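Chemist: Below is the structure I would like to discuss, written out as structure tokens.
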Amino acid sequence: MLKEKRFDFILKNLEQSDLLTYEYIAGELGVSEDTIRRDIDYLHRIGLLSKVRGGAMQRSKNPLNFQDRDQYLKKEKDLIALKAIRLIRDNMTLFMDGGTTITAIASMLPSNINLRIITTNMMIVSLLQRHKNIELIVLGGYYHPQTASTVGNSTCEQTKGFIADLYFMGTCGVHAEYGISAIVNEDAEVKKTMLKTSKAVIALANHARLRTASAFKVCDMAEINVLITDLPSDDEALNDFRSLNIEII
């Protein structure tokens, strides 16, 4: 079957259903699930649908504002946060940028841990108020409501004054060929700056971010050290990243 006909089938059926699975589409069209996965990857990249674990959903169903995104795929983000916490040690200096997965990490930090956290993420400030042993440095700039974080030239300039042991990077797209990408250009610029002054970079991505690319490139995959996802490390969705000399958790 021509791919254009497959695309038409997928998009028309999404108008009638909140979610379509790879298995359902492949069965209806008589093609392999790998073929459908590639189709959905492409349709996601050009903005016609949203890729989720096991299939696709209407783009309009994928929340855009921070408050809605905080609850979207919450279990998956919590799993990523649990994996990330294991990398944090007392007396580290951390960069934590904007994003709902970063918020999940902040909410799980032990109450007695000693850290210095440098962040643009306005949503974690209230979460960390009870942590007496965390020195919290909030970078200035102008507030970007979509990312609930500070961005801009002044944010980047302030970032250059620090060196972080670990940088926990929220992501919008993670692709073996195109690297890490962001939806908002100003957010991408802050990420680039944090990356340059970090000893180790940990990219955080739920399954819906994998094998996708957003408009603004942050870095190549070779520039990160660790990729943390909500998937088991042996999941086939991670196969594209196995030859890239990064640790997958």
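The values are calculated or read from the model by the stated rules, or taken from the named source; none is laboratory data. Since this is a predicted model, take the numbers as computed values, not measurements. Here the Cβ positions follow ideal geometry from the backbone for every residue, glycine too, while neighbour counts run over all protein chains shown. For the accessible areas, the whole protein counts, side chains as well, though only heavy atoms, and no ligand, DNA or RNA atoms are used. Shrake-Rupley method; radii C 1.70, N 1.55, O 1.52, S 1.80 Å.
Chemist: Which strands (runs of 3 or more DSSP E) sit wholly inside segment 138-249 and have at least 1 residues that are under 21 Å from LEU127 (Cβ atoms) and of a type in the set (Val, Ile, Thr)?
Modeler: Strands (runs of 3 or more DSSP E) meeting the threshold: 149-151, 201-204, 226-228.
Chemist: OK, next. Picking from LEU195, LEU136, LEU204, which residue would you name as being under 18 Å from GLY99 (Cβ atoms) and over 20 Å from the mean Cα position of the chain (by Cα)?
Modeler: Checking each option against the conditions leaves just LEU136.
Chemist: Which of the following residues is at positive phi and of a type outside the set (Asp, Glu): GLY27, GLY54?
Modeler: Checking each option against the conditions leaves just GLY54.
Chemist: Then there is this: Could you please give the count of residues in segment 20-58 that are open to solvent by 40 Å² or more (accessible area, probe 1.4 Å) and under 22 Å from VAL174 (Cα atoms)?
Modeler: 10
The rows are residues; the columns are (1) surrounded by fewer than 24 Cβ atoms within 10 Å (Cβ to Cβ); (2) in contact with a Leu (Cβ under 8 Å, 6 or more places away or on another chain); (3) of a type in the set (Phe, Trp, Tyr); (4) under 21 Å from ASP41 (Cβ atoms).
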| residue | (1), (2), (3), (4) |
| --- | --- |
| MET169 | no, yes, no, no |
| ALA176 | yes, yes, no, yes |
| GLU186 | yes, no, no, no |
| MET194 | no, no, no, no |
| LEU210 | no, yes, no, yes |
| VAL218 | no, yes, no, yes |
| ASN225 | yes, no, no, no |
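Chemist: Further question: Evaluate segment 150-167: report whether one residue or more is under 25 Å from THR229 (Cβ atoms) and of a type in the set (S, T, N, Q).
Modeler: Taking every residue of segment 150-167 in turn, none turns out to be under 25 Å from THR229 (Cβ atoms) and of a type in the set (S, T, N, Q).
Chemist: Determine the pairs where a residue that is open to solvent by less than 70 Å² (accessible area, probe 1.4 Å), located within segment 126-148, has a partner that is among the aromatic types (Phe, Trp, Tyr) with Cβ atoms under 8 Å apart, the partner being 6 or more residues away or on another chain.
Modeler: Cβ pairs passing all conditions: ILE137/PHE162; THR147/PHE66; ALA148/PHE66.
Chemist: Out of the helices (runs of 4 or more DSSP H) lying entirely within segment 10-102, which hold 2 or more residues that are modelled with pLDDT of 85 or more?
Modeler: It comes to 22-29, 33-45, 74-85.
Chemist: Okay, next question. Answer yes if at least one residue in segment 185-201 is modelled with pLDDT of 95 or more, among the polar types (S, T, N, Q) and out of contact with any Lys or Arg (no Cβ under 9 Å at 6 or more places or on another chain), and no otherwise.
Modeler: There is at least one residue in segment 185-201 that is modelled with pLDDT of 95 or more, among the polar types (S, T, N, Q) and out of contact with any Lys or Arg (no Cβ under 9 Å at 6 or more places or on another chain).
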